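Please read the structure below before turning to the comments.
Any read-out appearing in this document is the output of simple, stated calculations on the displayed coordinates, not a laboratory observation. Keep in mind that this is a model prediction, so the values were computed, not measured. All Cβ positions, glycine included, derive from the backbone under ideal geometry; neighbour counts span all protein chains shown.
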Amino acid sequence: MKVLAVTSEIYPLVKTGGLADVAGALPIALAREAVRVRTLVPGYPAVLGALEKTRPLHAYEDLQGGPARLLEARAGKLELFVIDAPHLYRREGNPYVDSEGKDWDDNALRFGALAKVGAEIASGLVQGYQPKLVHAHDWQAGLAPAYLRGGPATVITVHNLAFQGLFSSTLADALELPPEIMTLEGVEFHGRIGFLKAGLYFADAITTVSPTYAAEICTPEGGMGLDGLLRARARVLTGICNGIDTNVWSPRKDPHITARFAVEELDLKAANKAALREKLQLAARPDAPLFGVISRLTEQKGIDLIAAVLPDLAKRGVQFAMLGSGDPSLEDKLREAASRHRGSIALFVGYDEALAHMIQAGSDALLVPSRFEPCGLTQLAALRYGTLPIVSRVGGLADTVIDANEAALAAGVATGFQFTPVSEASFRRTLDRALTLWQNKKTWRRLQQNAMRSRVGWGPAAKLYASLFRAVTRRVADRRAGAGTQAAKGASARRAAPRESASTIGQKTSTT
Ligand code: ADP
Ligand code: GLC
């Protein structure tokens, strides 16, 4: 089965977060399920620089304000379509924001073009290539199902409902969105154009990246204004937990770490801990517990909760290795704690793939106190490196970590620690619980072994995506056949999301 994926990031070419990891790993895992994915990505400099075997397929005289070319290319195992549109994508750095951190003011056109080209490929633009299904990722690809009304089947995956791609409705003409879909039952969201909303409305199926998040986004508390639409579409909404690339995250083969280790060799973690301490100038205290953090520094990730507990824990002898960047005020809070507790708290502000691996390998526990977390990938890597995740019980964190409660300890299945509600008090209680358990070396070791044996690869998820893609393709084909018969009676040939009623859609307060 041929699938066209549409995404704005893909590891290892361009990455700001987990979306890139998923877009890069899922095609390779799906190949084992006889699903052949080709991925359409924007031609940022980092993408163009990494391409092999490039072949031009189509020339645009004017794609949103300038000439462009559609290329076919490979990058390692990835099969790609790339839009080389210098006026839209040839900008260094982060794909979404300028060097001052401000959104590019033509993002609607940049990602509208991505979705439009995706829809055109799916409609036969490239001779000899006809996908059965289009898989759109997040708001950046959200308009693809809207453009494609009537074409191949479409699935949209929500990686984070907080990013919705909301733009002024005055852009409707430039985006070639016809008036009949610029309505509540379509692209419009509270008077604006909602890229993600459009995808959620028009796609034949919706997935998100964990079962718990799938349930959370159907509630007013977790739905960020889109819960009405999501409840109306609940029958086509599925949660599938992400995996991680177990070749990239492998304690046995990791080129970035000092001592490679297997589950029977957990003692070797001490050498990685020593190397991490040295790298980050933490005091040489082999017996002190060391907690890691690898995160975007944002409100979502509960970084303020970490900032709140740092001083106390540092005084109690805990060391911290933190890596991340994001909100300047959160960066400042962590920086201040690090400068007050030199030797105990280390912070590296920035993006550093090798250091992320060193932290996973050298820490005793990894802190992920997110307020919401669609899936989360760092806790999965932590499990694999015998670094016990201490996580809030939300979204994918709830689905992937087994809390060391009495029952799980008795059954010998615990892999980490969960806390709820997401508050400083309950975070502190759980950190205390972890520190108490840390004293009991035998039990801690047992948890590490359980963690390392957890299934965190892409295998199970790829099977679920493959069967979902096949089922959606069949359902859409059947519906088309049915609609064809009904057309004679004057029914419309196709409404992409025919089951919702207008009254349930997009009625909640807007959140960007
Ligand atoms: P999100 O996508 O919400 O940021 P995820 O946990 O899904 O969160 O994915 C984050 C990914 O980015 C992981 O692969 C993690 O290792 C990586 N990462 C996050 N921050 C950094 C950083 N500062 N340096 C290197 N890798 C990072
Ligand atoms: C988003 C989410 C994160 C998820 C990632 C990949 O960035 O915040 O929880 O793991 O996408 O799906």
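Structure above, values below:
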{"item": "For segment 217-237 and segment 240-293, distance of Cα centres in Å", "result": "39"}
{"item": "Under 10 Å, Cβ to Cβ, from residue 30 - net charge with Lys/Arg +1 and Asp/Glu -1", "result": "+2"}
{"item": "Contour minus Cα-Cα distance for residue 104 and residue 267 (0.36 nm per residue)", "result": "53.8 nm"}
{"item": "Cα→Cβ-extended label distance, 7 Å offset, between residue 184 and residue 409, nm", "result": "5.4"}
{"item": "Distance between segment 314-349 and segment 413-486 - C-alpha centres, whole angstrom", "result": "29"}
{"item": "Sequence of 158, 391 once ranked by neighbouring C-beta atoms within 10 Å, starting from the fewest", "result": "158, 391"}
{"item": "C-alpha long axis of helix 424-439 to longest principal axis of the chain, angle in °", "result": "50"}
{"item": "At most 10 other Cβ within 10 Å, DSSP loop - GluC sites (Glu not before Pro), segment 10-103", "result": "61, 92, 100"}
{"item": "Part-to-part distance (alpha-carbon centres) for segment 353-392 and segment 64-89, which is given in Å", "result": "34"}
{"item": "Cα-projected label distance for residue 315 with residue 371, points at 7 Å along beta-carbon direction, nm", "result": "2.7"}
{"item": "Positive-end residue of 298, 137, 415, charge dipole of the chain with Cβ unit charges", "result": "415"}
{"item": "Neighbour net charge for residue 308 - beta-carbon separation under 12 angstrom, K R +1, D E -1", "result": "-1"}
{"item": "Dimensionless Rg over Rh [the chain; C-alpha; Kirkwood]", "result": "0.99"}
{"item": "Long-range amide H partners of residue 320 with built H, under 5 Å", "result": "291, 345, 346"}
{"item": "Label-point gap, in nm, between residue 170 and residue 91 - each point 7 angstrom along Cα→Cβ", "result": "1.9"}
{"item": "Over 23 Å [Cα-Cα, segment 300-429], rounded percent", "result": "30"}
{"item": "Dipole of segment 2-239, positive end: most advanced residue of 66, 37, 18 [Cβ charges, Cα centre]", "result": "37"}
{"item": "Size-normalised alpha-carbon gyration radius of segment 2-239, reference 2.2 N^0.38 Å", "result": "0.95"}
{"item": "Segment 52-67 - phi-based ³J(HN,Hα) in whole Hz, Karplus 6.51/-1.76/1.60, Gly and Pro as x", "result": "10, 6, 7, 9, x, 10, 7, 10, 9, 5, 8, 10, 6, x, x, x"}
{"item": "Quotient of C-alpha Rg and 2.2 N^0.38 Å, computed over segment 8-92", "result": "1.09"}
